[in-house]
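Notes for the one structure printed next.
The values are calculated or read from the model by the stated rules, or taken from the named source; none is laboratory data. Computed from a predicted model, the values in this text were never measured in an experiment. Positions of Cβ are backbone-derived with ideal geometry, glycine not excepted, and every protein chain shown enters the neighbour counts.
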Amino acid sequence: MCVGAATAHILSVGGRVVNGKIGVRFEQAGLQKLCVSNVVNPWLDDDFVISSGVTLAVEASPVLSPSPPPSPPPYYAIPAAGVQVLLGSTGATLACLRPGDRNTTAIIDGQSKNIAVQCCRAVPAEGGDEVNCKRWIDSPENCVGGSPPKARTYTDAMAMCFKLSTQEMPLKLCDIPCTNQGCLYNKEPVFSSKPCS
């Protein structure tokens with residue numbers, strides 16, 4: 001007899017047979033019997049019968065431990081030789097960042113200007129700057145370094161290019177100015193991977 005079958009505390013997890021099994025989740029622990037019905041919307045206990053010729057295997061759900069906290073982003077130090085800050089339009093050197101400049105986010109060019117972040121393909125593809133430079137992702141309004149550029153350090157810029165990388169398109173800081181590639185960065189200083197001379 002299937003007393004209580006109509007009000008049983010079970011939930012379907014798929015509702016179809018897979019490899020001869022159907023999954024259900026029991027909301028209450030205890031001994032279980034398998035009651036089945038061929039009624040579309042059974043709501044009376046009499047609509048159910050105890051299944052015969054079927055083995056009911058009740059497996060315990062694994063206890064999931066909480067996920068570990070995400071690992072902190074890698075720290076990217078300015079190389080000993082330093083890196084150039086370039087003018088986004090011409091590639092002219094505006095400044096050289098040295099290891100002691102790790103907190104620098106802006107340069108003085110008559111006024112303080114945040115250094116823009118732009119990324120390039122780590123493995124250049126044919127097609128020049130248009131294909132290799134990434135001043136924006138998905139749409140010209142989604143500028144990598146913000147528009148206008150937000151205050152970011154060299155470490156932030158490196159981490160941003162790493163974060164935006166995909167397996168198909170790994171990114172790094174550019175060693176070129178990426179002239180005319182959007183976000184009005186032609187007027188801005190841009191981080192680069194180009195060593196100081």
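Condition test on Ser197, is it hydroxyl-bearing (Ser, Thr, Tyr), assigned to a strand (DSSP E or B), out of contact with any Ser or Thr (no Cβ under 7 Å at 6 or more places or on another chain) and closer than 14 Å to Leu86 by Cβ?
When the stated conditions are applied, Ser197 does not pass them.
Does region 139-149 contain any residue that is in contact with an Asp or Glu (Cβ under 7 Å, 6 or more places away or on another chain) and surrounded by 14 or more Cβ atoms within 10 Å (Cβ to Cβ)?
Yes: one or more hits.
Within region 97-119, how many residues are under 22 Å from Leu171 (Cα atoms) and part of a strand (DSSP E or B)?
4
Let me spell it out: the conditions are (1) surrounded by fewer than 18 Cβ atoms within 10 Å (Cβ to Cβ); (2) modelled with pLDDT of 95 or more; (3) under 15 Å from Leu87 (Cβ atoms), and Asp175 meets all of them except one. Which number is the exception?
That leaves (2) as the condition not met.
Given the conditions (1) in a loop (DSSP other than H, G, I, E, B); (2) among the basic types (Lys, Arg); (3) touching a strand residue (DSSP E or B) at 6+ places or on another chain (Cβ under 7 Å), which single one is not true for Arg152?
The number of the failed condition is (3).
Which residues, counting only those in region 179-194, are outside any loop (DSSP other than H, G, I, E, B) and of a type in the set (Gly, Ala, Ser)?
Ser192, Ser193 - these are the residues of region 179-194 that are outside any loop (DSSP other than H, G, I, E, B) and of a type in the set (Gly, Ala, Ser).
For Cys178, state whether it is free of Cβ contacts under 8 Å to residues at least 60 places away in the same chain and assigned by TED's automatic domain parsing to the domain that holds Ala106.
No.
Taking the condition within 18 Å of Asp129 (Cβ to Cβ) and either outside any helix (DSSP H, G or I) or of a type in the set (Asp, Glu) (or both), does Gln167 pass?
Judged against the criteria, Gln167 is not a match.
Are there any pairs with C-beta distances below 6 angstrom linking a residue in region 148-162 that is assigned by TED's automatic domain parsing to the domain that holds Lys113 and over 13 Å from Arg102 (Cα atoms) to a residue that is among the hydrophobic types (A, V, I, L, M, F, W, C) and not in a helix (DSSP H, G or I), with the two at least 6 apart or on different chains, and if so which?
Filtered contacts from region 148-162: Pro149/Ala116; Met160/Val117; Cys161/Cys119; Cys161/Leu171; Cys161/Leu173.
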